[in-house]
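Worksheet: one structure, shown below.
Laboratory data are not the source of any read-out in this text; all were calculated from the coordinates shown. Computed from a prediction, not measured in an experiment: that's the story for all the values here. Heads up, the Cβs are rebuilt from the backbone with ideal geometry, glycines too, and the neighbour counts pull from every protein chain shown.
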Amino acid sequence: MAASAKLPQPPQSHNSLKPRHGVVTLCGYGIHVRVDRGHLLVDDGIGADRRQCRLPRVGHELKRLVVIGADGMISLAALRWLADQDAAFVMLERDGKVLVTTGPVRPSDAKLRRAQSLAQQSGLDVIVARELISQKLTGQERVARHKLHDNAAAQAIADYRLALAEAETVDTIRSLESQGAAAYWAAWRDVQVLFPRKTIWITAFGYKSGECHVELFVCPARIGISTCSRRPRA
């Protein structure tokens, strides 16, 4: 019997788990991660609202697979597939607590580790810290100026960044970083953040009369469900 030219693919409307910036995030209930004929199959969602994706070994662009929650399964073959592709696996609790993490294993560079251990004695620690904090302050200045439209905060951050050139110790660099961070987050103070909210009314949920009000709320830090027993407003 002739082999099929292509492996069956999920419907395009549900094939929405493509890696974004190298990351695939799975959440919901009944999460499945397994290997089928060399392809990694991932499936998540709630109830009948499911998402599916098939990732081949070549051209998948996957660098990290993140699972939120503990309702589901991942096969040993899937873990081996991720290891062979140098992709990390992270399992998080719904409150953000890290449960499991794996990653690609690379040989240790003895010269690099020796240079890192002697950085404080050679003065490289100040050079490295100055460059890292300079890049951080540059990004904060750009956001404050072009996204938040707060020129005063952007100029203050720029002044702290320029002062890094005169910093001679790591403690001085840390002080400039903290002052820049204070100016940056102060610019966010009056920015209103709106989170999507979906309200579902469930009747006959263990009550003789009345209804159960379930609110699903989503924010970048955590996902939660709040319930209270009351009647819907007219």
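What to note about this one:
- For the range 73-140 and the range 148-162, distance of Cα centres in Å: 30
- Residues LEU82, LEU92, LEU148, sorted so that the one with the fewest Cβ neighbours within 10 Å comes first: LEU148, LEU92, LEU82
- Förster radius 25 Å - calculated FRET efficiency between ASP86 and LEU118, Cβ distance, rounded to 0.05: 0.25
- Selection among GLN85, VAL67, THR101 by position relative to the dipole of the range 49-115 gives GLN85 as farthest towards the positive end (Cβ unit charges, Cα centre).
- Take the Cα of GLN179, step 7 Å toward its Cβ, do the same at VAL58, and the gap between the two points is 5.6 nm.
- Hypothetical label at VAL191: residues of the range 141-180 whose amide nitrogen lies under 17 Å (7 Å Cα-Cβ projection): 141-158, 180
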